[in-house]
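Here the structure is laid out as structure tokens; the discussion comes afterwards.
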Amino acid sequence: MLLRNCFSWNTVIEGYMKPGNKKKTLELLKLIPRKNDYSWNLILSGFVKANELEVAGDLFDDMPRKNAIAFHSACADLEAIEYGNQIHAHMVVGRKEFDPVSCSSLINLYGKCGDLDGASRALHLMMEPDQFALSPLISGYATSGRMTDT
């Protein structure tokens, strides 16, 4: 690569991750001098989607800023609630900020996995819930046949 910046590194990583070249992706991760949140979330999401949840968990442990929005989303798609719960707990114990994007991501995770109580608890972390938070919650209730509970 002639020009090496976060964008170019992330593009190459995504190019290796999509077809499942996980070994090369991990090698590239070690070479990136300054990883940004997108770099970490790109790799986490790739490993979760490949059902390599232990590797994804180890990578999450190595993340300097543990926002893991892509991790929550990928866990929701796989209905891997136990990993989503671990990330949520880590955020609580580490006193990480629950910004609107993080909360919406958690609501989506819990809603897709059928844990509507967890989704409601995540909603209550928000000062002012918005449509991005309410939509996955409503969808979760509808999918579970619990629309009268809302």
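A few remarks follow.
- The listed residues are N36, N10, N67, and the only one of them that is in contact with a Ser or Thr (Cβ under 7 Å, 6 or more places away or on another chain), under 22 Å from S102 (Cα atoms) and either crowded, with 20+ Cβ neighbours inside 10 Å or at pLDDT 75 or above (or both) turns out to be N10.
- If the condition is being in a loop (DSSP other than H, G, I, E, B) and under 22 Å from E82 (Cβ atoms), then the stretch 96-123 contributes K96, F98, C113, G114, D115.
- Criterion: basic (K, R), modelled with pLDDT under 85 and surrounded by 14 or more Cβ atoms within 10 Å (Cβ to Cβ) - qualifying residue of K49, K22: K49
- Per the conditions (1) modelled with pLDDT of 80 or more; (2) of a type outside the set (K, R); (3) under 25 Å from E52 (Cβ atoms), the sole criterion not satisfied by L125 is (3).
- Residues (part of a helix (DSSP H, G or I) and either at positive phi or charged (D, E, K, R) (or both)) located in the stretch 1-40: E14, K22, K23, K24, E27, K30, D37
- Residue that is farthest from the chain's Cα centre (by Cα) [pool: residues in the stretch 127-150 that are of a type in the set (S, T, Y) and surrounded by 12 or more Cβ atoms within 10 Å (Cβ to Cβ)]: T150
- Sub-6 Å Cβ pairs linking a first residue in the stretch 115-129 that is farther than 17 Å from S139 by Cα to a second residue that is not small (G, A, S), at least 6 apart or interchain, are L125/F98; L125/C103; M126/C103, ordered by first then second residue.
The values are calculated or read from the model by the stated rules, or taken from the named source; none is laboratory data. On a predicted model such as this, the values are computed, not experimentally measured, just so you know. Using ideal geometry, Cβ is built from the backbone for each residue, glycine included, and neighbour counts are taken over all protein chains shown.
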